[in-house]
Amino acid sequence: MRDPRVILENRPGAKYLLLGNEAVVRGAIEAGVHVVTTYPGTPASEIGDTISRIAGDAQIYMEYSTNEKVALEVAAGTSFAGARALTAMKMVGLNVASDMLVSLGYTGVRGGLVAVVADDPDCFSSQDEQDSRYYALLANIPCLEPSNPQEARDMLLSAFQISEKLELPVLLRMATRVSHTRGIVRFGRIGKTELGSFVRDTKRFVMVPENARRAHRALLEKMRLASNISERSPHNRVIGRGSVGLVTSGLSYNYSAEALKLLDGSARILKIGMVNPFPVALTTRFLRMFRQVVVVEELEPLLEVQARAIVGGMAKRPKVCGKLDGLFPRYGEFSTKLVAAGLAKAFGKTLPTSYERTIRRAAEATADIPPRPPVLCPGCPHIASFRAIRVATRDRAIVSSDIGCYTLGYQPPYSVGDLQLCMGSSVGIGSGISKFSDDPVIGVVGDSTFFHGAIPGLINAVYNNHKFVYVVLDNMTTAMTGHQPHPGTGTTAMGTSSRRVLIEDLAKACGVEWVRVVDPFEHKAAVSTIQEAILQNGPAVIVFRRACV
(Lines give C-alpha, C1' and ligand atoms only; values in the text may rest on other atoms or scores of the structure.)
Protein backbone atom coordinates (compact mmCIF):
# COMPACT_ATOMS: atom_id res chain seq x y z
CA MET A 1 0.00 0.00 0.00
CA ARG A 2 1.46 3.33 -1.08
CA ASP A 3 -0.27 5.38 1.61
CA PRO A 4 -1.33 3.39 4.69
CA ARG A 5 -3.30 6.39 5.91
CA VAL A 6 -6.07 5.17 3.61
CA ILE A 7 -6.81 2.66 6.37
CA LEU A 8 -7.70 5.59 8.65
CA GLU A 9 -10.43 6.89 6.30
CA ASN A 10 -13.67 7.21 8.28
CA ARG A 11 -15.95 6.60 5.29
CA PRO A 12 -18.40 3.81 6.12
CA GLY A 13 -19.32 1.88 2.96
CA ALA A 14 -16.18 2.92 1.07
CA LYS A 15 -14.31 0.07 -0.64
CA TYR A 16 -10.55 -0.31 -0.86
CA LEU A 17 -8.20 -2.96 -2.19
CA LEU A 18 -6.29 -4.30 0.81
CA LEU A 19 -4.00 -7.15 1.73
CA GLY A 20 -5.52 -9.55 4.21
CA ASN A 21 -3.01 -8.28 6.80
CA GLU A 22 -4.00 -4.68 6.02
CA ALA A 23 -7.65 -5.66 6.45
CA VAL A 24 -6.79 -6.89 9.94
CA VAL A 25 -5.35 -3.45 10.66
CA ARG A 26 -8.51 -1.79 9.39
CA GLY A 27 -10.54 -4.04 11.65
CA ALA A 28 -8.36 -3.02 14.58
CA ILE A 29 -8.92 0.68 13.78
CA GLU A 30 -12.70 0.18 13.61
CA ALA A 31 -12.62 -1.84 16.84
CA GLY A 32 -11.01 1.06 18.70
CA VAL A 33 -7.90 -0.89 19.66
CA HIS A 34 -5.57 0.94 22.04
CA VAL A 35 -2.44 -1.25 21.89
CA VAL A 36 -0.87 -3.44 19.19
CA THR A 37 2.14 -5.66 19.88
CA THR A 38 4.04 -8.01 17.60
CA TYR A 39 7.28 -9.70 16.77
CA PRO A 40 7.78 -9.62 12.97
CA GLY A 41 7.38 -12.94 11.20
CA THR A 42 6.17 -13.76 7.70
CA PRO A 43 3.32 -14.12 6.78
CA ALA A 44 2.10 -11.84 9.59
CA SER A 45 4.69 -9.04 9.30
CA GLU A 46 2.56 -6.51 7.42
CA ILE A 47 0.15 -6.25 10.34
CA GLY A 48 2.79 -4.65 12.55
CA ASP A 49 4.46 -2.80 9.70
CA THR A 50 1.20 -1.13 8.66
CA ILE A 51 0.18 -0.22 12.20
CA SER A 52 3.61 1.23 12.93
CA ARG A 53 3.22 3.72 10.07
CA ILE A 54 -0.16 5.03 11.24
CA ALA A 55 -0.07 4.42 14.99
CA GLY A 56 0.56 8.05 15.87
CA ASP A 57 -2.32 9.33 13.72
CA ALA A 58 -4.59 6.57 15.03
CA GLN A 59 -3.64 7.29 18.67
CA ILE A 60 -2.56 3.67 19.11
CA TYR A 61 0.47 2.52 21.06
CA MET A 62 2.37 -0.02 18.99
CA GLU A 63 5.55 -1.94 19.73
CA TYR A 64 7.82 -4.55 18.22
CA SER A 65 8.36 -6.70 21.29
CA THR A 66 11.50 -8.75 21.86
CA ASN A 67 9.55 -11.95 21.18
CA GLU A 68 5.99 -13.23 20.83
CA LYS A 69 5.60 -14.27 24.47
CA VAL A 70 6.48 -10.76 25.58
CA ALA A 71 4.16 -9.33 22.92
CA LEU A 72 1.24 -11.36 24.28
CA GLU A 73 2.13 -10.44 27.85
CA VAL A 74 2.13 -6.70 27.05
CA ALA A 75 -1.19 -7.07 25.24
CA ALA A 76 -2.59 -9.03 28.20
CA GLY A 77 -1.48 -6.31 30.62
CA THR A 78 -3.30 -3.75 28.51
CA SER A 79 -6.42 -5.92 28.59
CA PHE A 80 -6.20 -6.42 32.36
CA ALA A 81 -6.21 -2.63 32.64
CA GLY A 82 -9.47 -2.54 30.69
CA ALA A 83 -8.30 -1.46 27.21
CA ARG A 84 -8.55 -3.32 23.90
CA ALA A 85 -5.36 -4.95 22.62
CA LEU A 86 -4.24 -6.92 19.59
CA THR A 87 -1.12 -9.03 19.19
CA ALA A 88 0.10 -10.54 15.91
CA MET A 89 2.61 -13.27 15.09
CA LYS A 90 3.35 -16.16 12.75
CA MET A 91 2.45 -19.66 13.79
CA VAL A 92 5.84 -20.69 15.21
CA GLY A 93 5.72 -17.49 17.23
CA LEU A 94 2.57 -18.84 18.85
CA ASN A 95 4.69 -21.70 20.15
CA VAL A 96 6.82 -19.11 21.94
CA ALA A 97 3.71 -17.36 23.31
CA SER A 98 1.83 -20.55 24.21
CA ASP A 99 2.89 -20.60 27.86
CA MET A 100 1.15 -17.28 28.36
CA LEU A 101 -1.77 -18.13 26.06
CA VAL A 102 -2.85 -21.23 27.97
CA SER A 103 -2.71 -19.48 31.34
CA LEU A 104 -4.53 -16.48 29.88
CA GLY A 105 -7.56 -18.67 29.26
CA TYR A 106 -7.70 -19.30 33.01
CA THR A 107 -7.45 -15.68 34.11
CA GLY A 108 -9.50 -14.38 31.23
CA VAL A 109 -9.33 -10.76 30.09
CA ARG A 110 -11.13 -7.49 30.70
CA GLY A 111 -10.64 -5.34 27.64
CA GLY A 112 -10.98 -7.30 24.42
CA LEU A 113 -7.84 -9.22 23.44
CA VAL A 114 -7.31 -10.84 20.03
CA ALA A 115 -4.24 -12.82 19.01
CA VAL A 116 -3.80 -12.93 15.23
CA VAL A 117 -1.71 -15.89 14.09
CA ALA A 118 -0.68 -16.48 10.46
CA ASP A 119 -0.08 -20.10 9.45
CA ASP A 120 2.21 -20.97 6.55
CA PRO A 121 1.07 -24.09 4.63
CA ASP A 122 3.83 -25.34 2.31
CA CYS A 123 6.55 -23.62 4.38
CA PHE A 124 7.03 -20.60 2.12
CA SER A 125 8.99 -18.86 4.88
CA SER A 126 8.89 -21.22 7.84
CA GLN A 127 10.48 -24.32 9.31
CA ASP A 128 7.23 -26.26 9.75
CA GLU A 129 3.57 -26.42 8.67
CA GLN A 130 1.93 -25.99 12.04
CA ASP A 131 -1.86 -25.88 12.28
CA SER A 132 -2.52 -23.24 14.95
CA ARG A 133 -6.18 -24.16 15.38
CA TYR A 134 -5.04 -26.83 17.82
CA TYR A 135 -3.86 -24.09 20.17
CA ALA A 136 -7.45 -22.90 20.47
CA LEU A 137 -8.45 -26.41 21.58
CA LEU A 138 -5.47 -26.67 23.93
CA ALA A 139 -6.09 -23.29 25.56
CA ASN A 140 -9.90 -23.58 25.49
CA ILE A 141 -10.38 -20.27 23.70
CA PRO A 142 -12.52 -19.28 20.70
CA CYS A 143 -10.99 -19.29 17.23
CA LEU A 144 -12.17 -17.71 13.99
CA GLU A 145 -10.79 -18.35 10.50
CA PRO A 146 -11.35 -15.93 7.58
CA SER A 147 -11.19 -16.93 3.92
CA ASN A 148 -10.55 -13.47 2.39
CA PRO A 149 -9.56 -9.91 3.38
CA GLN A 150 -13.16 -8.77 3.92
CA GLU A 151 -13.74 -11.60 6.35
CA ALA A 152 -10.44 -10.80 8.06
CA ARG A 153 -11.78 -7.34 8.86
CA ASP A 154 -15.26 -8.61 9.77
CA MET A 155 -14.07 -11.47 11.97
CA LEU A 156 -11.61 -9.28 13.84
CA LEU A 157 -14.51 -7.06 14.89
CA SER A 158 -16.49 -10.15 15.91
CA ALA A 159 -13.48 -11.48 17.80
CA PHE A 160 -13.32 -8.37 19.99
CA GLN A 161 -17.04 -8.60 20.72
CA ILE A 162 -16.71 -12.28 21.66
CA SER A 163 -13.62 -11.57 23.73
CA GLU A 164 -15.39 -8.97 25.85
CA LYS A 165 -18.64 -10.94 26.10
CA LEU A 166 -16.86 -14.03 27.42
CA GLU A 167 -13.85 -12.24 28.95
CA LEU A 168 -11.55 -14.58 27.02
CA PRO A 169 -8.74 -14.03 24.52
CA VAL A 170 -9.74 -14.97 20.97
CA LEU A 171 -7.53 -16.46 18.26
CA LEU A 172 -7.87 -15.25 14.65
CA ARG A 173 -6.20 -17.81 12.39
CA MET A 174 -4.91 -16.40 9.13
CA ALA A 175 -2.87 -18.22 6.47
CA THR A 176 -0.35 -17.09 3.86
CA ARG A 177 -2.90 -16.79 1.04
CA VAL A 178 -5.29 -14.76 3.18
CA SER A 179 -2.55 -12.57 4.65
CA HIS A 180 -0.92 -11.88 1.29
CA THR A 181 -3.93 -11.77 -1.04
CA ARG A 182 -5.50 -8.46 -2.00
CA GLY A 183 -9.26 -8.13 -1.99
CA ILE A 184 -12.00 -5.54 -1.85
CA VAL A 185 -12.76 -4.53 1.73
CA ARG A 186 -15.83 -2.51 2.63
CA PHE A 187 -15.11 -0.11 5.48
CA GLY A 188 -17.30 0.40 8.51
CA ARG A 189 -17.35 3.22 11.01
CA ILE A 190 -14.27 3.83 13.13
CA GLY A 191 -15.17 3.12 16.71
CA LYS A 192 -13.89 4.54 19.95
CA THR A 193 -13.69 2.44 23.09
CA GLU A 194 -13.34 3.61 26.64
CA LEU A 195 -10.11 3.19 28.55
CA GLY A 196 -10.66 1.21 31.72
CA SER A 197 -8.48 0.83 34.78
CA PHE A 198 -6.89 -2.05 36.60
CA VAL A 199 -9.06 -3.44 39.39
CA ARG A 200 -7.40 -5.83 41.84
CA ASP A 201 -8.81 -9.35 41.91
CA THR A 202 -6.11 -11.67 43.18
CA LYS A 203 -8.29 -14.79 43.17
CA ARG A 204 -8.74 -14.29 39.45
CA PHE A 205 -5.33 -13.05 38.35
CA VAL A 206 -2.87 -14.81 40.66
CA MET A 207 -2.55 -18.35 39.29
CA VAL A 208 -1.57 -20.32 42.36
CA PRO A 209 -3.02 -23.87 42.30
CA GLU A 210 -6.08 -23.08 44.43
CA ASN A 211 -7.11 -20.23 42.14
CA ALA A 212 -6.15 -22.12 38.98
CA ARG A 213 -8.45 -25.05 39.81
CA ARG A 214 -11.36 -22.66 40.26
CA ALA A 215 -10.41 -20.77 37.08
CA HIS A 216 -10.37 -23.95 35.02
CA ARG A 217 -13.98 -24.71 35.95
CA ALA A 218 -14.94 -21.12 35.11
CA LEU A 219 -13.15 -21.41 31.77
CA LEU A 220 -15.12 -24.53 30.84
CA GLU A 221 -18.35 -22.70 31.62
CA LYS A 222 -17.26 -19.79 29.43
CA MET A 223 -16.59 -22.19 26.58
CA ARG A 224 -20.08 -23.64 27.01
CA LEU A 225 -21.41 -20.13 26.42
CA ALA A 226 -19.00 -19.79 23.51
CA SER A 227 -20.57 -22.90 21.96
CA ASN A 228 -23.92 -21.12 21.92
CA ILE A 229 -22.30 -18.16 20.19
CA SER A 230 -20.71 -20.47 17.61
CA GLU A 231 -24.05 -22.16 16.84
CA ARG A 232 -25.61 -18.77 16.03
CA SER A 233 -22.57 -17.10 14.51
CA PRO A 234 -23.09 -15.51 11.07
CA HIS A 235 -19.59 -16.77 10.25
CA ASN A 236 -20.93 -20.35 10.37
CA ARG A 237 -23.43 -20.73 7.57
CA VAL A 238 -24.73 -23.01 4.83
CA ILE A 239 -24.15 -21.83 1.26
CA GLY A 240 -25.56 -23.16 -2.02
CA ARG A 241 -27.80 -26.04 -2.98
CA GLY A 242 -27.32 -29.57 -4.17
CA SER A 243 -27.30 -33.24 -3.23
CA VAL A 244 -23.59 -33.10 -2.41
CA GLY A 245 -22.41 -31.93 1.01
CA LEU A 246 -19.14 -30.16 1.81
CA VAL A 247 -17.78 -28.96 5.15
CA THR A 248 -14.95 -26.47 4.92
CA SER A 249 -13.36 -23.37 6.43
CA GLY A 250 -10.97 -20.54 5.62
CA LEU A 251 -9.09 -20.66 2.34
CA SER A 252 -10.32 -24.16 1.62
CA TYR A 253 -13.76 -22.70 0.98
CA ASN A 254 -12.36 -20.69 -1.94
CA TYR A 255 -10.69 -23.74 -3.44
CA SER A 256 -13.87 -25.78 -2.96
CA ALA A 257 -16.08 -23.21 -4.68
CA GLU A 258 -13.70 -22.98 -7.65
CA ALA A 259 -13.36 -26.76 -7.85
CA LEU A 260 -17.12 -27.22 -7.97
CA LYS A 261 -17.36 -24.80 -10.90
CA LEU A 262 -14.58 -26.69 -12.64
CA LEU A 263 -16.43 -29.99 -12.15
CA ASP A 264 -19.69 -28.37 -13.27
CA GLY A 265 -21.22 -29.49 -10.02
CA SER A 266 -23.32 -28.00 -7.28
CA ALA A 267 -23.10 -28.60 -3.58
CA ARG A 268 -24.42 -27.43 -0.27
CA ILE A 269 -21.46 -26.10 1.69
CA LEU A 270 -21.22 -25.71 5.44
CA LYS A 271 -18.70 -22.88 5.74
CA ILE A 272 -17.33 -22.75 9.26
CA GLY A 273 -15.77 -19.43 10.22
CA MET A 274 -15.82 -19.93 13.98
CA VAL A 275 -13.90 -23.18 14.18
CA ASN A 276 -13.68 -23.35 17.98
CA PRO A 277 -15.95 -24.10 19.70
CA PHE A 278 -17.11 -26.35 16.87
CA PRO A 279 -20.81 -25.77 16.01
CA VAL A 280 -22.00 -29.30 16.84
CA ALA A 281 -25.76 -28.76 16.48
CA LEU A 282 -25.42 -26.85 13.19
CA THR A 283 -23.12 -29.52 11.79
CA THR A 284 -25.44 -32.32 12.95
CA ARG A 285 -28.38 -30.80 11.08
CA PHE A 286 -26.20 -30.40 8.02
CA LEU A 287 -24.90 -33.98 8.06
CA ARG A 288 -28.43 -35.40 8.30
CA MET A 289 -29.22 -34.05 4.84
CA PHE A 290 -26.68 -36.23 2.99
CA ARG A 291 -25.49 -39.76 2.42
CA GLN A 292 -21.94 -38.53 1.94
CA VAL A 293 -20.11 -35.41 3.09
CA VAL A 294 -16.59 -34.36 2.13
CA VAL A 295 -14.52 -32.24 4.54
CA VAL A 296 -12.01 -29.89 2.88
CA GLU A 297 -9.43 -28.15 5.11
CA GLU A 298 -5.74 -27.34 4.92
CA LEU A 299 -3.19 -29.14 7.09
CA GLU A 300 -4.74 -31.12 9.95
CA PRO A 301 -8.17 -32.90 9.84
CA LEU A 302 -9.55 -30.90 12.76
CA LEU A 303 -13.02 -30.32 11.30
CA GLU A 304 -13.09 -33.82 9.86
CA VAL A 305 -12.44 -35.46 13.23
CA GLN A 306 -15.22 -33.36 14.75
CA ALA A 307 -17.64 -34.33 11.97
CA ARG A 308 -16.77 -38.02 12.29
CA ALA A 309 -17.36 -37.85 16.03
CA ILE A 310 -20.85 -36.43 15.44
CA VAL A 311 -21.66 -39.12 12.87
CA GLY A 312 -20.64 -41.81 15.37
CA GLY A 313 -23.60 -40.86 17.55
CA MET A 314 -26.19 -40.69 14.77
CA ALA A 315 -28.72 -43.44 14.01
CA LYS A 316 -28.57 -42.78 10.26
CA ARG A 317 -24.90 -42.28 9.52
CA PRO A 318 -23.72 -40.41 6.43
CA LYS A 319 -20.25 -41.19 5.15
CA VAL A 320 -17.72 -38.52 6.12
CA CYS A 321 -14.55 -38.50 4.04
CA GLY A 322 -11.51 -36.28 3.60
CA LYS A 323 -7.90 -36.42 4.71
CA LEU A 324 -8.31 -39.60 6.75
CA ASP A 325 -9.48 -41.40 3.58
CA GLY A 326 -6.59 -40.09 1.52
CA LEU A 327 -8.68 -37.69 -0.58
CA PHE A 328 -6.50 -34.78 0.49
CA PRO A 329 -2.98 -34.62 1.98
CA ARG A 330 -2.18 -33.57 5.54
CA TYR A 331 0.73 -31.47 4.26
CA GLY A 332 1.30 -28.59 1.88
CA GLU A 333 -0.85 -25.81 0.54
CA PHE A 334 -4.10 -26.66 -1.21
CA SER A 335 -4.98 -25.53 -4.74
CA THR A 336 -8.06 -25.63 -6.94
CA LYS A 337 -6.48 -28.50 -8.86
CA LEU A 338 -5.81 -30.53 -5.73
CA VAL A 339 -9.30 -29.99 -4.29
CA ALA A 340 -10.95 -30.68 -7.66
CA ALA A 341 -9.08 -33.97 -7.93
CA GLY A 342 -10.20 -34.99 -4.44
CA LEU A 343 -13.82 -34.03 -5.03
CA ALA A 344 -13.86 -35.81 -8.39
CA LYS A 345 -12.66 -38.99 -6.71
CA ALA A 346 -15.17 -38.67 -3.87
CA PHE A 347 -18.19 -38.09 -6.09
CA GLY A 348 -17.23 -40.28 -9.04
CA LYS A 349 -16.63 -37.44 -11.47
CA THR A 350 -13.79 -36.84 -13.93
CA LEU A 351 -11.76 -33.70 -14.34
CA PRO A 352 -12.43 -31.86 -17.63
CA THR A 353 -10.00 -32.94 -20.34
CA SER A 354 -9.30 -29.31 -21.21
CA TYR A 355 -8.24 -28.61 -17.61
CA GLU A 356 -5.90 -31.59 -17.44
CA ARG A 357 -4.39 -30.50 -20.76
CA THR A 358 -3.82 -26.99 -19.46
CA ILE A 359 -2.07 -28.31 -16.34
CA ARG A 360 0.11 -30.61 -18.43
CA ARG A 361 1.11 -27.84 -20.82
CA ALA A 362 1.94 -25.51 -17.94
CA ALA A 363 4.17 -28.19 -16.42
CA GLU A 364 5.91 -28.80 -19.73
CA ALA A 365 6.46 -25.08 -20.29
CA THR A 366 8.22 -24.67 -16.95
CA ALA A 367 10.11 -27.98 -16.93
CA ASP A 368 13.37 -26.45 -18.21
CA ILE A 369 13.33 -23.40 -15.92
CA PRO A 370 15.96 -23.89 -13.21
CA PRO A 371 14.84 -23.42 -9.59
CA ARG A 372 15.80 -20.13 -7.98
CA PRO A 373 16.04 -20.47 -4.22
CA PRO A 374 16.42 -17.36 -2.03
CA VAL A 375 19.97 -16.02 -1.89
CA LEU A 376 21.91 -13.54 0.21
CA CYS A 377 21.98 -10.04 -1.28
CA PRO A 378 25.14 -8.80 -3.05
CA GLY A 379 27.28 -7.03 -0.49
CA CYS A 380 25.60 -8.74 2.48
CA PRO A 381 27.95 -8.61 5.48
CA HIS A 382 26.99 -12.19 6.38
CA ILE A 383 28.92 -13.38 3.30
CA ALA A 384 32.12 -11.95 4.77
CA SER A 385 31.31 -13.51 8.15
CA PHE A 386 30.81 -16.94 6.60
CA ARG A 387 34.06 -16.63 4.67
CA ALA A 388 35.91 -15.77 7.88
CA ILE A 389 34.41 -18.78 9.68
CA ARG A 390 35.44 -21.16 6.92
CA VAL A 391 38.97 -19.80 6.62
CA ALA A 392 39.51 -19.68 10.38
CA THR A 393 38.29 -23.25 10.97
CA ARG A 394 39.51 -24.77 7.68
CA ASP A 395 35.96 -26.07 7.16
CA ARG A 396 36.24 -28.26 10.25
CA ALA A 397 33.73 -26.43 12.43
CA ILE A 398 30.30 -27.76 13.29
CA VAL A 399 27.98 -24.77 12.87
CA SER A 400 24.68 -24.51 14.72
CA SER A 401 22.69 -21.82 12.86
CA ASP A 402 19.47 -20.00 13.62
CA ILE A 403 16.46 -18.24 12.04
CA GLY A 404 17.22 -15.25 9.79
CA CYS A 405 18.74 -14.22 6.46
CA TYR A 406 21.95 -15.96 7.51
CA THR A 407 20.13 -19.32 7.51
CA LEU A 408 20.79 -19.21 3.75
CA GLY A 409 24.46 -19.63 4.56
CA TYR A 410 23.99 -23.41 4.65
CA GLN A 411 23.79 -23.37 0.85
CA PRO A 412 26.82 -23.43 -1.46
CA PRO A 413 29.04 -21.59 -1.99
CA TYR A 414 29.03 -20.54 1.69
CA SER A 415 28.19 -23.95 3.21
CA VAL A 416 28.06 -22.61 6.77
CA GLY A 417 25.28 -24.13 8.84
CA ASP A 418 24.85 -27.78 9.81
CA LEU A 419 21.75 -27.44 12.01
CA GLN A 420 18.86 -24.97 12.29
CA LEU A 421 15.59 -25.55 14.13
CA CYS A 422 13.93 -22.62 15.86
CA MET A 423 14.48 -19.10 17.14
CA GLY A 424 17.39 -18.93 19.56
CA SER A 425 18.15 -22.66 19.44
CA SER A 426 21.66 -22.14 18.02
CA VAL A 427 23.23 -21.56 21.44
CA GLY A 428 21.63 -24.53 23.20
CA ILE A 429 22.29 -26.94 20.32
CA GLY A 430 25.85 -25.69 20.02
CA SER A 431 26.34 -26.19 23.75
CA GLY A 432 25.14 -29.76 23.54
CA ILE A 433 27.32 -30.67 20.58
CA SER A 434 30.38 -29.10 22.18
CA LYS A 435 30.29 -31.64 25.01
CA PHE A 436 30.93 -34.52 22.60
CA SER A 437 32.86 -33.05 19.66
CA ASP A 438 36.58 -32.68 19.12
CA ASP A 439 35.94 -30.28 16.22
CA PRO A 440 35.35 -26.57 16.86
CA VAL A 441 31.70 -25.77 17.51
CA ILE A 442 30.30 -22.42 16.41
CA GLY A 443 26.83 -21.05 17.03
CA VAL A 444 25.57 -18.43 14.57
CA VAL A 445 22.67 -16.10 15.39
CA GLY A 446 21.36 -12.77 14.10
CA ASP A 447 20.92 -9.66 16.19
CA SER A 448 17.12 -9.69 16.35
CA THR A 449 17.05 -13.44 17.03
CA PHE A 450 19.65 -12.96 19.77
CA PHE A 451 17.30 -10.58 21.59
CA HIS A 452 14.31 -12.83 20.82
CA GLY A 453 15.41 -16.14 22.25
CA ALA A 454 19.17 -16.65 22.70
CA ILE A 455 19.87 -14.93 26.01
CA PRO A 456 18.63 -17.72 28.36
CA GLY A 457 20.71 -20.23 26.38
CA LEU A 458 23.78 -18.03 26.64
CA ILE A 459 23.35 -17.76 30.43
CA ASN A 460 23.06 -21.54 30.52
CA ALA A 461 26.30 -21.86 28.51
CA VAL A 462 28.11 -19.63 31.00
CA TYR A 463 26.66 -21.41 34.03
CA ASN A 464 27.60 -24.87 32.70
CA ASN A 465 30.86 -23.69 31.08
CA HIS A 466 30.13 -24.95 27.57
CA LYS A 467 33.19 -24.54 25.36
CA PHE A 468 32.11 -23.13 22.02
CA VAL A 469 32.13 -19.89 20.02
CA TYR A 470 28.91 -17.88 19.66
CA VAL A 471 28.93 -15.57 16.65
CA VAL A 472 26.28 -12.84 16.59
CA LEU A 473 25.76 -11.42 13.08
CA ASP A 474 24.68 -7.88 13.91
CA ASN A 475 23.44 -6.16 10.75
CA MET A 476 21.61 -3.62 12.94
CA THR A 477 18.06 -4.42 11.83
CA THR A 478 15.51 -7.21 11.59
CA ALA A 479 16.43 -7.74 7.97
CA MET A 480 14.63 -10.91 6.91
CA THR A 481 11.10 -9.69 7.63
CA GLY A 482 11.40 -6.12 6.39
CA HIS A 483 13.89 -4.07 8.42
CA GLN A 484 11.85 -3.63 11.56
CA PRO A 485 13.62 -2.09 14.58
CA HIS A 486 14.75 -4.11 17.60
CA PRO A 487 16.40 -3.27 20.96
CA GLY A 488 19.81 -2.93 19.30
CA THR A 489 18.72 -0.28 16.79
CA GLY A 490 17.91 2.56 19.18
CA THR A 491 14.56 3.23 17.46
CA THR A 492 11.06 2.07 18.46
CA ALA A 493 8.11 1.03 16.29
CA MET A 494 6.59 4.47 16.92
CA GLY A 495 9.65 6.11 15.35
CA THR A 496 11.01 7.51 18.59
CA SER A 497 14.60 7.23 19.79
CA SER A 498 15.30 4.82 22.62
CA ARG A 499 18.24 3.52 24.57
CA ARG A 500 20.25 1.20 22.33
CA VAL A 501 20.92 -2.20 23.91
CA LEU A 502 24.35 -3.43 22.83
CA ILE A 503 24.78 -7.16 22.29
CA GLU A 504 28.31 -7.14 23.68
CA ASP A 505 27.08 -5.53 26.90
CA LEU A 506 24.39 -8.17 27.26
CA ALA A 507 26.90 -10.97 26.63
CA LYS A 508 29.16 -9.62 29.38
CA ALA A 509 26.17 -9.21 31.69
CA CYS A 510 25.32 -12.87 31.06
CA GLY A 511 28.78 -13.71 32.42
CA VAL A 512 30.74 -14.25 29.20
CA GLU A 513 34.32 -13.22 29.94
CA TRP A 514 35.69 -13.25 26.39
CA VAL A 515 33.69 -10.88 24.10
CA ARG A 516 34.92 -9.16 20.91
CA VAL A 517 33.31 -6.83 18.35
CA VAL A 518 34.65 -7.04 14.78
CA ASP A 519 33.74 -5.67 11.35
CA PRO A 520 33.47 -8.80 9.16
CA PHE A 521 34.78 -6.81 6.20
CA GLU A 522 38.09 -6.60 8.07
CA HIS A 523 38.89 -10.13 6.93
CA LYS A 524 42.23 -10.75 8.67
CA ALA A 525 40.94 -9.40 11.97
CA ALA A 526 37.77 -11.49 11.67
CA VAL A 527 39.73 -14.69 10.98
CA SER A 528 42.21 -14.17 13.79
CA THR A 529 39.40 -13.32 16.22
CA ILE A 530 37.62 -16.60 15.47
CA GLN A 531 40.84 -18.55 15.88
CA GLU A 532 41.50 -16.90 19.23
CA ALA A 533 37.93 -17.55 20.36
CA ILE A 534 38.25 -21.27 19.61
CA LEU A 535 41.14 -21.49 22.08
CA GLN A 536 39.08 -20.20 25.02
CA ASN A 537 38.13 -22.65 27.78
CA GLY A 538 34.50 -21.54 28.00
CA PRO A 539 31.89 -19.78 25.90
CA ALA A 540 33.28 -17.00 23.71
CA VAL A 541 31.17 -14.38 21.94
CA ILE A 542 32.05 -12.53 18.74
CA VAL A 543 29.80 -9.76 17.46
CA PHE A 544 30.30 -9.29 13.71
CA ARG A 545 28.82 -5.81 13.27
CA ARG A 546 28.13 -4.21 9.91
CA ALA A 547 24.86 -2.69 8.71
CA CYS A 548 22.61 -4.51 6.24
CA VAL A 549 23.20 -3.00 2.80
| query | Nearest 10 degrees, 0 to 90: what angle lies between the long axis of helix 209-232 and the longest principal axis of the chain (Cα atoms)? | reply | 40
| message | 5 Å is the cut-off here: which amide hydrogens, built 1.01 Å from N in the peptide plane, fall below it relative to residue 242, excluding neighbours closer than 5 in sequence? | response | 268
| request: For the range 168-181, take each phi angle, set θ = phi - 60°, evaluate the Karplus expression 6.51 cos²θ - 1.76 cosθ + 1.60, and give the result in whole Hz per residue in order, putting x for glycine and proline. | output: 10, x, 10, 9, 10, 8, 9, 8, 3, 6, 7, 4, 10, 9
| Normalised by the number of residues in the range 337-414, what is the relative contact order in percent for Cα pairs under 8 Å and 6+ residues apart? | 25
| Normalised by the residues of the range 49-115, what does the relative contact order come to in percent, with Cα pairs under 8 Å and at least six apart? | 37
| query | Can you give the relative contact order of the range 115-162 as a percent, counting alpha carbon pairs under 8 Å and 6+ residues apart? | reply | 19
| Karplus 3J(HN,Hα) series, Hz, for the range 155-163 with 6.51 cos²θ - 1.76 cosθ + 1.60 (x for Gly, Pro) | 6, 5, 4, 4, 4, 5, 5, 5, 4
| field | Positive-pole candidate from 218, 236, 160, dipole of the range 156-246, charges at beta carbon | value | 236
| remark: If each part is reduced to its alpha-carbon centroid, the range 304-383 and the range 178-210 end up apart, in Å, by 35
| request: Measure off 7 Å from each Cα along the Cα-to-Cβ vector at residue 210 and residue 391, then give the distance between these two points in nanometres to one decimal. | output: 6.6
| field | 22 Å Cα-Cα threshold exceeded, pairs from 90/323; 165/192; 271/337; 261/349; 271/323; 69/90 | value | 90/323
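When the solvent-accessible surface of protein heavy atoms is calculated with a 1.4 angstrom probe, in what order do 243, 103 fall, highest first?
Details: 243 105, 103 55 Å².
Reading off the accessible areas and sorting them downward yields 243, 103.
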| request: Report the one residue of 450, 405, 321 whose Cα lies farthest in the direction of the positive end of the charge dipole of the chain (charges on C-beta: Lys and Arg +1, Asp and Glu -1; origin at the Cα centre). | output: 321
| said: Is there a quick way to get the dipole size of the range 174-287? I mean about its Cα centre, with the Cβ of Lys and Arg at +1 and of Asp and Glu at -1; what is the value in debye to the nearest 20? | reply: 280
| field | About the Cα centre, charge dipole magnitude for the chain (Lys/Arg +1, Asp/Glu -1 at Cβ), debye | value | 2020
| said: Antiparallel versus total DSSP beta bridges in the range 407-549: what percent is that, nearest 5? | reply: 10
| said: Please list, in order along the range 107-116, the HN-Hα scalar couplings obtained from phi with the Karplus expression 6.51 cos²θ - 1.76 cosθ + 1.60 (θ = phi - 60°), rounded to whole Hz, x for Gly and Pro. | reply: 6, x, 10, 10, x, x, 9, 10, 9, 9
| said: Once you place label points 7 Å from the Cα toward the Cβ at residue 497 and residue 192, how far apart are they in nm? | reply: 3.4
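Give me the percent of DSSP beta bridges within the chain that run antiparallel, rounded to the nearest 5.
Numbers: 13 of 66 bridges.
Rounded to the nearest five, the antiparallel share is 20 percent.
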| query | Amide H neighbours of residue 319 under 5 Å, counting only residues 5+ apart in sequence or on other chains, H built in-plane at 1.01 Å? | reply | 292, 293
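May I ask you to give the percent of accessible area on the range 432-532 that is carbon plus sulfur, with a probe radius of 1.4 Å?
Numbers: 2450 of 4680 Å².
The value for the range 432-532 is 52 percent carbon and sulfur by accessible area.
As a test, work out the antiparallel percent of DSSP beta bridges whose residues both lie in the range 216-334, rounded to the nearest 5. The partial results should precede the final answer.
Numbers: 4 of 15 bridges.
Close to 25 percent.
The values are calculated or read from the model by the stated rules, or taken from the named source; none is laboratory data. Remember, it's a predicted structure, so these values are computed and weren't measured experimentally. Methodologically, a virtual Cβ is constructed for each residue, glycine included, from the backbone with ideal geometry; neighbour enumeration extends over all protein chains shown. With ligands, DNA and RNA removed, areas are computed over all heavy atoms of the protein, side chains included. Shrake-Rupley method; radii C 1.70, N 1.55, O 1.52, S 1.80 Å.
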